Amino acid sequence: MKKLEVVIRPESLEDIKAILNEHGCGGMTMFSGMGCGNQKGIKGTEFKGVKLNINLLPKIQVNAIIQDEILEAVLTEINEKISTGGVGDGKVFIYEVFDVMRIRTGERGSNAI
């Protein structure tokens, strides 16, 4: 099993959800945040009436656990559907998942996702 951390622009969220759903991903967790990378974000942002000098842009992080055999297909589709070719499209971090347990039933491994 693999854990994907997909950091994207907010407007790409529906595409990521559709991709994971098409490949049979059982669920996902989404976080909203701010961040910057190579594009260095923006400066002079106003937040709740206060002028802030930050260089952060809105980002969405989607976490999902997927089976090893669909990893390459999911990554290919993310690249094809999410990439605009511009800076700030996002990144996918891939982690090995050694085990998982469903708290409610105690099931382990693939049965728990």
Revision key, fill the gap. If you go through Val100, Val92, the only one that is under 21 Å from Lys3 (Cβ atoms) and modelled with pLDDT under 95 is Val100
Exercise for review: Considering each residue of region 9-65, count those that are touching a helix residue (DSSP H, G or I) at 6+ places or on another chain (Cβ under 8 Å), in a strand (DSSP E or B) and either at pLDDT 95 or above or small (Gly, Ala, Ser) (or both), and give that number.
Suggested key: 5
Review point. Which of the residues belonging to region 70-101 are surrounded by 15 or more Cβ atoms within 10 Å (Cβ to Cβ), within 13 Å of the chain's Cα centre (by Cα) and not β-branched (Val, Ile, Thr)?
Key: Leu75, Asp89, Gly90
Practice item. Could you please tell me which pairs satisfy a Cβ distance under 7 Å, a separation of 6+ or placement on different chains, a first residue in region 61-87 that is without any contact (Cβ under 8 Å) to a residue 12 or more places away in the chain and more than 11 Å from Ile19 (Cα to Cα), and a second residue that is charged (D, E, K, R) and surrounded by 17 or more Cβ atoms within 10 Å (Cβ to Cβ)? Key: Ser83/Asp89
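The values are calculated or read from the model by the stated rules, or taken from the named source; none is laboratory data. Small disclaimer: the values here were computed from a predicted structure and weren't measured. Counting neighbours? That spans all protein chains shown, and the Cβs are built from the backbone with ideal geometry, glycine included.
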